[in-house]
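Asker: What follows is a single structure, and I will ask about it in a moment.
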Amino acid sequence: MKKILLFTSLILGLIIMTYPKVITGFEGGSPGGKTNSPMDGQNCTACHAGSINSGQGSLTITSDIPANGYIPANTYSITVESSHPSYTKYGFELTAESFGNKTGGFTIVNSSQTKLTNGGNAVTHKIGGTLGSASKTWSVNWTAPPSGSMSVDFYATSVTANGNGQNSGDNVY
């Protein structure tokens, strides 16, 4: 009896472990490290087939950081916008880097649409923040480093998806 139970458990375990995944996407957000920044070194094309910046859409990052630079420890609003003339599903990841380090701190302002990722060093979409009509915007607060006046670069990658549940036909910017 014990042998049958052990054998049945083993077979059931193997079936569960080898059962194909129905959905392999990250509709609930980037796994992190996909901003194409120097530190991340990757973008969303690893999962979404195609070449970066090859579709009809676009990606923009805007902020209220003054043109002459940030004030240490001040908080600023950063907005990422992804657009495509005929797509209604979107995703993104945003990070800030300076001289080979992640810098500043992100604060979520709309927890139903965005969340932290990559060890809290980046922001990404949640499933509730993927729908738009020809464009989608996400906003987040970024607090500048507490001291110094270093140059900070913001990096983002966005996906405009055709919504077919596959990784083909999507565009990455």
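Asker: Multiply the residue gap between T107 and I127 by 0.36 nm, knock off their C-alpha separation, and tell me the result in nm, one decimal place.
Answerer: Taking T107 through I127 to full extension adds about 5.4 nm, to one decimal.
Asker: Of the listed peptides 161-169, 91-99, what is their order by residue-averaged count of other C-beta atoms within 10 Å, with the highest listed first?
Answerer: Descending packing order for the listed peptides: 91-99, 161-169.
Asker: Also, I was wondering about something else. Round to the nearest 0.05 the FRET efficiency obtained for N141 and Q42 when R0 = 41 Å and r is the Cβ-Cβ distance. Walk me through the numbers before you get to the answer.
Answerer: On the way: r = 25 Å, r/R0 = 0.62.
Computed FRET efficiency for N141 and Q42: 0.95.
Asker: Still on this structure: How high is the FRET efficiency between T62 and S98 when r is their beta carbon distance and R₀ equals 25 Å, given to the nearest 0.05?
Answerer: Plugging the Cβ-Cβ distance into 1/(1 + (r/R0)^6) gives 0.85.
Asker: Can you list residues whose amide H is under 5 Å from Y87's amide H, if they're 5+ apart or on another chain and H is modeled 1.01 Å from N?
Answerer: So Y87 has HN proximity to A134.
Asker: Further question: Assuming 0.36 nm per residue, please report the length gained on full extension of the stretch S168 to T75 beyond their Cα-Cα distance.
Answerer: Working: separation 93, 0.36 × 93 = 33.48 nm, distance 3.82 nm.
Stretched out fully, the S168 to T75 stretch lengthens by 29.7 nm.
Asker: Report in % the part of the accessible area of the range 68-173 that belongs to carbon and sulfur, leaving out ligands and nucleic acids; probe 1.4 Å.
Answerer: 48 percent
Asker: Rounded if a/c is under 1.5, else prolate if a/b beats b/c, else oblate: with a ≥ b ≥ c from the C-alpha gyration tensor eigenvalues square-rooted, which is the range 19-158?
Answerer: prolate
Asker: With a Förster radius of 35 Å, plug the Cβ-Cβ distance of M150 and N53 into 1/(1 + (r/R0)^6) and report the FRET value to the nearest 0.05. The partial results should precede the final answer.
Answerer: Details: r = 28 Å, r/R0 = 0.80.
The computed FRET efficiency comes out at 0.80.
The values are calculated or read from the model by the stated rules, or taken from the named source; none is laboratory data. This one's a predicted model, so the numbers in the text were calculated from it and none came from an experiment. FYI the Cβ positions are ideal-geometry reconstructions off the backbone, even for glycines, and counts take in every protein chain you see. Keep in mind that these areas ignore ligands, DNA and RNA; they rest on the heavy atoms of the full protein, side chains included. Shrake-Rupley method; radii C 1.70, N 1.55, O 1.52, S 1.80 Å.
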